Every structure is written in structure tokens, then in C-alpha cells.
Amino acid sequence: DAGVIQSPRHEVTEMGQEVTLRCKPISGHDYLFWYRQTMMRGLELLIYFNNNVPIDDSGMPEDRFSAKMPNASFSTLKIQPSEPRDSAVYFCASSYSTGPPSYEQYFGPGTRLTVT
Amino acid sequence: DQQVKQNSPSLSVQEGRISILNCDYTNSMFDYFLWYKKYPAEGPTFLISISSIKDKNEDGRFTVFLNKSAKHLSLHIVPSQPGDSAVYFCAAHSSNTGKLIFGQGTTLQVKP
């Protein structure tokens, strides 16, 4: 299996522009997670989906952030408009379950976003 | 409100010695704890875990200890190797939300 695939790997954009991050989870995984990594707060969960349905979006920082999962093999995280404080590494992860016996999540390589 | 804290941003040890990474948590509803390792330009990868009903779990050079009364867990790496140099994240599973809560990470450097 190719693992979780994210694109682009790097994104540099100007403040005010729309940014779309993409993720392909591991085939057969029912759960998909979007995280943001910053130095101050580490890995923060933004939103997660179960069977393509958003379950918990309490971590989404503002209305500027939105996420969709139109099918089991694709998800997007969109920021519109982007701001410099959105600069971070964004990770997508997938898993079989959020309960026992498998709590393990498999992460993609991340997208490094820089907003100037 | 940081429910999982890794108070040491970095740690440096000599090859062959023991590395001890620490993690504190505040929520009694956490029922499972995991450690992830992250290399530069890669995503975190699962390393080892422990259920809240246990106090120790060992896997090769890696051992995780859980002290529930102190709400503290630690990861021991013995012996440390240069390839262990990475960022280590502690994570806690919330039994009532199903989410993993991550700490800020600790950067481990193992010197040859």
C-alpha cells in the first residue's frame, strides 16, 4: 500500500489567497483526520471524518477553514482567505477505527504551508 | 488548555546511553497512550502504546511506563542509537470523544 498521500508537499501563497490541501487515505480505512502542527501547540486535530461524514470539527480554528470528503478515497482542507498565521505543516491521517483494538493512525508526509 | 504536555522541547544523549522522554496529562478519561516518532519531512509514525490498565509495555529497545496516580508516562530507549534522532510525540486517546490528543513533541538527538 502506498500509505496516506498528500498534495502538494509545499505551498507558498500570499495572504488573502485560497489554499486547498488534498489527501488520499489508505484504502479500507474508515476514519480520516486533518491535523496542524505548530511549534507552540504541537499536533492539533482540526477535523475528522467517519465513512466520509464529518464527525467532529471543533478543532477548526475559524470559518475560513473548511474540509470535505466527497468519497472514501479523497479529502480536501480549504483555507479561504489565507493569513500568515495559518503557516504550519498540515497532516492528514487515516485509521481503521478510533476505538480498541486499533487506536493507531497512519499519517501522510504533510503539506508545509507558508502564507506571506 | 493543553491536556497532554511534553515539557522538554529537546533532549541530547550519547549513543549507547538511555534516553528518557516524558509526558504529563490532565484528563482521567484517557484510556490509551501512544508514542509517535517523526523524522524531518515525514509524517509521524506509530512507535509503541500502552493501555491505561497497564503500567509497562516493552518492545525491543523501547519501553513505555505509565504512572496513573501521577498522570505521567515516559518512553525509555535503551540503548540509544543515532537513528533514533527524531521528534517524539506523546498522544492520549480520549475514551469519550475517540480522539487522540497530542503533546508538543520532544526533539531527541543521539550523538555518535
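Brief remarks follow.
- The calculated FRET efficiency for residue B:68 paired with residue B:2, based on their beta-carbon distance and R0 = 22 Å, is about 0.70.
- Working note: Karplus 6.51/-1.76/1.60 with θ = phi - 60° gives region A:44-57 the couplings 10, 6, 8, 7, 9, 10, 10, 6, 6, 9, x, 9, 9, 10 Hz, where Gly and Pro are set to x.
- Taking 0.36 nm per residue of separation and subtracting the Cα-Cα distance, full extension of the segment from residue B:26 to residue B:95 would add 23.5 nm.
- Relative contact order of chain B, defined on C-alpha pairs under 8 angstrom at six or more residues apart (%): 37 percent
- Candidates B:39, B:97, A:17 compared by Cα position along the dipole of the protein assembly as shown: farthest toward the positive end lies B:39, with charges placed on Cβ.
- Karplus (6.51, -1.76, 1.60) ³J(HN,Hα), θ = phi - 60°, over region B:44-58, in Hz, Gly and Pro reported as x: x, 10, 5, 10, 7, 9, 8, 7, 5, 8, 10, 10, 7, 9, 10
- Debye, to nearest 20: dipole size of chain B, +1 on Lys, Arg Cβ, -1 on Asp, Glu Cβ: 80 debye
- Derived scalar couplings between HN and Hα for region B:87-98 equal 9, 10, 10, 8, 9, 10, 8, 8, 5, 9, 10, x Hz in order, rounded to whole Hz, by the Karplus curve 6.51 cos²θ - 1.76 cosθ + 1.60 (θ = phi - 60°), x for Gly and Pro.
- In this structure, residue A:85 and residue A:52 have a Cβ-Cβ separation that, at R0 = 25 Å, corresponds to a calculated FRET efficiency of about 0.25.
- Backbone N within region B:17-47 under 16 Å of label point (7 Å from residue B:81 Cα along the Cβ vector): B:17-19, B:37-39, B:47
- Local charge for residue A:47 was computed over the other residues whose Cβ lies under 12 Å away, with Lys and Arg +1 and Asp and Glu -1, and equals +1.
- Hypothetical label at residue A:73: residues of region A:4-38 whose amide nitrogen lies under 13 Å (7 Å Cα-Cβ projection): A:5, A:24-29
- With the simple model of a label 7 Å out from the Cα in the direction of the Cβ, residue A:12 to residue A:30 spans 4.3 nm.
- Fraction of antiparallel bridges per DSSP, chain A only, in percent to nearest 5: 90 percent
- Legend: residues B:72, A:10, sorted from most to least accessible area (1.4 Å probe; ligands, DNA and RNA excluded), read A:10, B:72.
- Under 14 Å from residue B:37, Cα to Cα: aspartates and glutamates that are on another chain or at least 8 residues apart: A:104, B:84
- Just so you know, the Cα atoms of chain A work out to an Rg and Dmax of 13.5, 44 Å.
The values are calculated or read from the model by the stated rules, or taken from the named source; none is laboratory data. Because the structure is predicted, anything quoted here is derived from the model rather than measured. For neighbour counting, all protein chains shown are included, and Cβ atoms are generated from backbone atoms with ideal geometry for every residue, glycine included. Ligands, DNA and RNA are excluded from the accessible area calculation, which covers all protein heavy atoms including side chains. Shrake-Rupley method; radii C 1.70, N 1.55, O 1.52, S 1.80 Å.
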